[in-house]
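> There's a structure below that I have some questions on.
The values are calculated or read from the model by the stated rules, or taken from the named source; none is laboratory data. Since this is a predicted model, take the numbers as computed values, not measurements. Using ideal geometry, Cβ is built from the backbone for each residue, glycine included, and neighbour counts are taken over all protein chains shown.
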Amino acid sequence: MAINWFKYSAPTAFYGLAGKMIPWFAVPAAVLFMVGMYIGFFVAPTDAIQSEAYRIIFIHVPASILSMFIYLIMAGYAALGLIFNTRLSSMMATALAPTGALFAFISLWTGALWGKPMWGAWWVWDARLTSELILLFLYLGFIALQSSIEDPRRADRAGALLAIVGSVNVPIIYFSVKWWNTLHQGATIKFTGTSMHVAMQQAMFIMLLACWLYVIAVTLARVRSIILERERNTQWVNELKEVRS
Amino acid sequence: MTRCANATGAVTSKLSLFGLFGLVIRRDLLLAMRRRADVLTTLVFFVMVVSLFPLGVGPEMDMLRKMAPGVVWVAALLASMLSLGRMFSADYLDGTLEQMLLAPQSLSMLVLGKIVAHWMLSGLPLVLIAPVLGLQFDMPAQALWVLILVLLLGTPILSMIGAIGAALTLGLRGGGVLVSLLVLPLCIPVLIFGTGAVEAVNTGMTIVPHVALLGALLLLALVFTPWVTAQALRISME
Amino acid sequence: MLEVSNLACARGDHQLFSGLSFSLEAGELMQVQGENGSGKTSLLRTLCGFMQPIAGEIRWRGQNIHELDESYYAEMVYLGHLNAIKDELNALENLHISAGLSGCAVDEQAALSALRRMGLRRREHLPVKVLSQGQRRRVALSRLLVGNAHLWILDEPLTALDVGAVGLMQELIGEHLSKGGMVIFTTHQPLQVAGVQTRQLVLS
């Protein structure tokens, strides 16, 4: 059989590598998460204006930041896969999407929880929350498109095109929503404290780091299962000991 | 002019790029003329959705006047989603799309022709009927003119962004709903600037920035979407 | 002119064929054979550039078809399982459009004579939906007569055709070959062209 082994070799090699790498990201993620939560909830002082309610930012802010970054990274991987026809990049894009959607959802959820004590409403049409909602829609569109295409190659390429169009659109959408928001004098959720306490900064930074590590670990795990699924007919998959047992 | 000699010995001339563009538009319009119901259903849908709003929120004129631009735009968005399914699927099912991909000229140009035809059949009728619907909502004359202007600028963008979605979901199960899921979020800027302009004229502010931004979006879409749609078609036809 | 080297195609996970090499010169006729599912249609679609091969390349006049793109398409015509004709339009309108898509603007007379040659006299102005399957196929085949393509790629061209039309097709292919054209086709029916040896390509 004249299979182009170069193309197949990447996922094959990566499967094992990813398996070894996962604990190195998962364990620090868990540790940092606990440390960050501890600092955020017990060490960081109560805010003068928002009292205890502000502590939600230790989850809300990292989730928001990551949901946006992940979309760009996803689009980047998808574009690499589309241009250079590298299957692993496309798999990475597919693997990142659910995590990005999850973070967008967490960001919305915690935003709502924060909004209730601040504004007396679960949902305010704040520019950033609205953009986050649209971002969630974009993730869901990507996931829906990929899952409704059976041929993995077409799914990769169609998803990539959508992700690229989406990432070109994200700044336009963000700008237009902001514009809309200022025209309507909508609510804005902001951290009102003039300067952040050092402990707050530390907690925020540690939580952000924990989230990054979590994203890497969980994406690697998902890539491994995508590799297994797509290569289920190949010899090397059937020779894996976790498959044989 | 280059000549093509062919099997029957007859002489035919080579079709230019704009010839192809015109041919595609003429063809789609001709087909639409032979099944007029398709165009009418989109239009009736649009009118119905807009007319449902006063029934849903009550007939207070003040509120309706305020809601009008948003209602018309959202209905236009939904109506254009409805007609997207038809953009490529008939050609896909009967094999014409394969022949289009094999055309010895720019596929982007051909796609642009299809987009223009789609807009003439689904966007333009909405623009023309919108003032009548605006009257239902007691919109002032000045606002009606602005509404027509922004719809003229905005509905082609909906067709262009929609074309990408329609091409990506070609032949997929549940393609109709899926295409809305993909395309609607991308259309939000059009909605915002489109309604913003009408609201601006209602509150006595300038409409220029809204219209300028819509114009910029239209140009941007005009440059990129035919090419992206062409790529999407190639991906979907594989 | 058309060279295929070491071509491999896959449909999803499933590899259809690999290591396929052949070349086709002016005046040659090639039949692609194989059981159902052996990849005949996929091979033809790959030759059209619809599908990307997973390995190997296809050259036309020495250049990869993906680099040539539009100038390759100007020299080939593809007839697939689907007729690519519209039920709502009549035969003449359909022919005008399909010729236009292949880059040629045909005049009325050329179009009419092509349709008449295909045995569609007095059917030119009928909407295609009232025609029989065989007649629709004839409308689709009339596209071959108005283009100036060198390479004909025909996927099951004889489907739904009666004996007379099969004979006509053989005649048309013969004329095309004698003018230095080339034809690659699949069929489950016997197709003999007088004075031309049919090369066989077997996919397994």
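> Is there a residue in segment B:46-58 that is in a helix (DSSP H, G or I) and under 16 Å from the mean Cα position of the chain (by Cα)?
Filtering segment B:46-58 down to residues in a helix (DSSP H, G or I) leaves B:46-57.
Those still in the list that are under 16 Å from the mean Cα position of the chain (by Cα) too: B:46.
Checking segment B:46-58: at least one residue is in a helix (DSSP H, G or I) and under 16 Å from the mean Cα position of the chain (by Cα).
> For the condition within 10 Å of another protein chain (Cβ to nearest Cβ) and either within 30 Å of B:LEU20 (Cα to Cα) or not in a helix (DSSP H, G or I) (or both), what is the one hit in C:ILE184, C:ILE153, C:ILE173?
C:ILE153
Conditions (1) within 11 Å of another protein chain (Cβ to nearest Cβ); (2) in contact with a Lys or Arg (Cβ under 7 Å, 6 or more places away or on another chain); (3) buried (at least 24 other Cβ atoms within 10 Å of the Cβ), marked per residue:
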| residue | (1), (2), (3) |
| --- | --- |
| B:LEU147 | no, no, yes |
| B:LEU158 | no, no, yes |
| B:GLY174 | yes, no, no |
| B:ASN202 | no, no, no |
| B:PRO209 | yes, no, no |
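> Something else: All but one of (1) touching a residue at least 12 places away in the same chain (Cβ under 8 Å); (2) within 7 Å of chain B (Cβ to nearest Cβ); (3) in a loop (DSSP other than H, G, I, E, B) hold for C:ALA114, so report the exception by its number.
Status for C:ALA114: all satisfied but (3).
> If you don't mind, there's one more thing I want to ask. Cβ-Cβ distance below 8 Å, separation of 6 or more or different chains: which pairs start in segment B:17-36 with a residue that is under 15 Å from B:SER122 (Cα atoms) and end on one that is β-branched (Val, Ile, Thr)?
Cβ pairs passing all conditions: B:ILE25/B:VAL116; B:ALA32/B:VAL39.
> With A:TRP123, A:TRP114, A:TRP109 as the choices, which residue is closer than 18 Å to A:VAL177 by Cβ and more than 9 Å from chain B (Cβ to nearest Cβ)?
A:TRP123
> Taking C:LEU43 as meeting all but one of (1) in a loop (DSSP other than H, G, I, E, B); (2) more than 9 Å from chain B (Cβ to nearest Cβ); (3) touching a residue at least 60 places away in the same chain (Cβ under 8 Å), write down the number of the exception.
All conditions pass for C:LEU43, except number (1).
> If you go through segment A:36-54 one residue at a time, how many are in a helix (DSSP H, G or I) and either of a type in the set (S, T, N, Q) or surrounded by fewer than 18 Cβ atoms within 10 Å (Cβ to Cβ) (or both)?
The number of residues fulfilling the criteria is 7.
> Tally the residues that are at the interface with chain B (Cβ under 9 Å from one of its Cβ atoms), in contact (Cβ under 8 Å) with a residue 40 or more places away in the chain and either closer than 17 Å to B:ALA232 by Cα or not aliphatic (A, V, I, L, M) (or both), restricting the search to segment A:131-155.
1
> In segment B:89-109, which residue that is of a type in the set (A, V, I, L, M, F, W, C) and in contact with a Leu (Cβ under 6 Å, 6 or more places away or on another chain) is nearest to B:LEU147 (Cα to Cα)?
Of segment B:89-109, the ones of a type in the set (A, V, I, L, M, F, W, C) are B:90, B:93, B:97, B:100-103, B:107, B:109.
Filter once more, so that each one left must be in contact with a Leu (Cβ under 6 Å, 6 or more places away or on another chain): B:100, B:103, B:109.
Details: B:MET100: 36, B:ALA103: 39, B:MET109: 29 Å.
Among those that are of a type in the set (A, V, I, L, M, F, W, C) and in contact with a Leu (Cβ under 6 Å, 6 or more places away or on another chain), it is B:MET109.
Every residue, every condition in (1) touching a strand residue (DSSP E or B) at 6+ places or on another chain (Cβ under 9 Å); (2) in the same structural domain as C:VAL4 (by TED's automatic domain parsing), yes or no:
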site	(1), (2)
C:MET30	yes, yes
C:GLU35	no, yes
C:SER42	yes, yes
C:CYS48	yes, yes
C:GLU57	yes, yes
C:GLN63	no, yes
C:SER71	yes, yes
C:ASN90	yes, no
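> Whether any residue in segment C:130-143 is within 7 Å of chain B (Cβ to nearest Cβ) and under 25 Å from B:ARG26 (Cα atoms) is what I want to check.
Looking for residues that are within 7 Å of chain B (Cβ to nearest Cβ) and under 25 Å from B:ARG26 (Cα atoms), one finds none in segment C:130-143, hence no.
> Return yes or no: is A:LEU88 without any contact (Cβ under 8 Å) to a residue 40 or more places away in the chain and of a type outside the set (Val, Ile, Thr)?
In short, no.
> Next question, about the same structure. List the pairs whose first member sits in segment C:175-188 and is on the phi > 0 side of the Ramachandran plot, whose second member is among the hydrophobic types (A, V, I, L, M, F, W, C), and whose Cβ atoms are under 7 Å apart, counting only residues at least 6 apart or on separate chains?
Final answer for the pair search is C:GLY180/C:ALA26.
> Here's something else I'd like to know. Only residues that are surrounded by fewer than 20 Cβ atoms within 10 Å (Cβ to Cβ), over 11 Å from the mean Cα position of the chain (by Cα) and charged (D, E, K, R): list them for segment C:125-179, please.
Matches in segment C:125-179: C:LYS129, C:ARG136, C:ASP162, C:GLU171, C:GLU175, C:LYS179.
> Name the residue, out of B:THR195, B:THR229, B:THR225, that is more than 22 Å from B:GLY134 (Cα to Cα), in a helix (DSSP H, G or I) and at the interface with chain A (Cβ under 9 Å from one of its Cβ atoms). Steps first, answer last, please.
Details: B:THR195 fails: more than 22 Å from B:GLY134 (Cα to Cα); B:THR229 fails: at the interface with chain A (Cβ under 9 Å from one of its Cβ atoms).
Selected residue: B:THR225, the only one of B:THR195, B:THR229, B:THR225 that is more than 22 Å from B:GLY134 (Cα to Cα), in a helix (DSSP H, G or I) and at the interface with chain A (Cβ under 9 Å from one of its Cβ atoms).
> Tally time: how many residues in segment A:218-233 are buried (at least 21 other Cβ atoms within 10 Å of the Cβ) and farther than 14 Å from A:GLY16 by Cα?
Matching residues across segment A:218-233 total 1.
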